[in-house]
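Here's the structure, in structure tokens; my notes come after.
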Amino acid sequence: MNLFRKILKVVIAVVAVINIGLVFLTDDYTAFIPSLLERFKTTEETEIDSGSEDAEEEVAPVSSDGFSFDPETLVYDGTGSLNLLEGVSFGTLTPEEIRTGVFAEIKAGTSKNAKVISYSVKTDSGTVKADRPLTLENYSGPMLALPAAMPEVSLSTLESMGARVVTSEGFIADDGYGNNIGDSLVSSVEIDPTDITNITYNFSLSNMFGDTAYAGTSVSPVIDLPFIELTTAEVTCSPSNPFTGKYSNVKRVIDTNGSSIGAKVRCEGEVNTEVPGTYILTYTVTNDAGLSALPVSLVVHITE
């Protein structure tokens, strides 16, 4: 480009000399010179435009149109395994690249039998996403049924209930197509701080279609640890109903042999009756044999 400008300057200088000569030779020099200069101007503009080929090319973003599905709606009737990548294409990706590079997830749709498969793939232009309908034929949804007689547990083995339920007679964990998915069972245990004999279990079971079934029950455990019971699980205190002390809501502390060991109970946490808020007091006890009770907590609300 710089070389061209130098040449242009030389040409203009030459034209200037010719111009002077034409003053003396012709009366048409005024038409000749602008025409010549306009030609060089056009040439320069063309040269400048041609330099755009060195500019960085703008990359068009990849859209969800990069995905294509055949068939458009995936249908599953419970026969065989469900392949979410069946009939999926994306640009020039090979089947192996689709298998390893495309992520597929089932999400809720318009009904129990109408789901949505969400696809995503990472490209140089970012993550591309697309959705595809999934129709579930002959699908009843997950079913969870607990045994009529729950397995026996003790205070020291409460967390083992989930594993015991799965192998118990009468337990059902159906994915909605007659397949056992007991290995996906999730359980949690709740201790009633006012009644140690009332242990509550909550169970949930989720299948691959994102649907969940729930069940719950209460059991009375074998007492093989000392235990603590409170008069209430939660108390609200105010100037008209003052807090009476950290141990005032301890109902009883019992050892494994049935004797009282209330003198050994310990409380963690403090309550500031001057500052409104919620406080938690946790109680524990250990007997002479070194066995510790399951902790129980009292929630204290201090109001103005």
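Computed values, structure above
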| read-out | value |
| --- | --- |
| For the range 87-98, 3J(HN,Hα) per residue [Karplus equation, 6.51 cos²θ - 1.76 cosθ + 1.60, θ = phi - 60°, Hz, x = Gly/Pro] | x, 9, 10, 8, x, 9, 5, 7, x, 5, 5, 5 |
| From phi via Karplus (6.51, -1.76, 1.60), per-residue ³J(HN,Hα) for the range 137-153 in Hz, x at Gly/Pro | 8, 6, 9, 10, x, x, 10, 10, 10, 8, x, 4, 10, 5, x, 6, 9 |
| Heavy atoms of V116 accessible to a 1.4 Å probe, total area in Å² rounded to 10 | 40 Å² |
| Extended-chain gain in nm, criterion 0.36 nm per residue less alpha-carbon gap, V75 and S238 | 52.5 nm |
| Gyration tensor (alpha-carbon) shape descriptor, the range 139-291, a/c threshold 1.5 | oblate |
| Cβ-based net charge around N138, under 15 Å, with every Lys or Arg adding one and every Asp or Glu removing one | -3 |
| With all protein chains modelled, accessible area of K107 [1.4 Å, Å²] | 100 Å² |
| Under Karplus coefficients 6.51, -1.76 and 1.60, residue-wise ³J(HN,Hα) of the range 168-177 in Hz, glycine/proline x | 8, 5, x, 7, 10, 9, 9, 7, x, 10 |
| Surface per residue (accessible, 1.4 Å probe) for the range 196-304, Å² | 52 Å² |
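The values are calculated or read from the model by the stated rules, or taken from the named source; none is laboratory data. These numbers were taken from a predicted model, which means no experiment stands behind them. When we count neighbours, we look across all protein chains shown, and the Cβ atoms used for this are built from the backbone with ideal geometry, even at glycine. Side chains included, ligands, DNA and RNA excluded: accessible areas come from the protein's heavy atoms. Shrake-Rupley method; radii C 1.70, N 1.55, O 1.52, S 1.80 Å.
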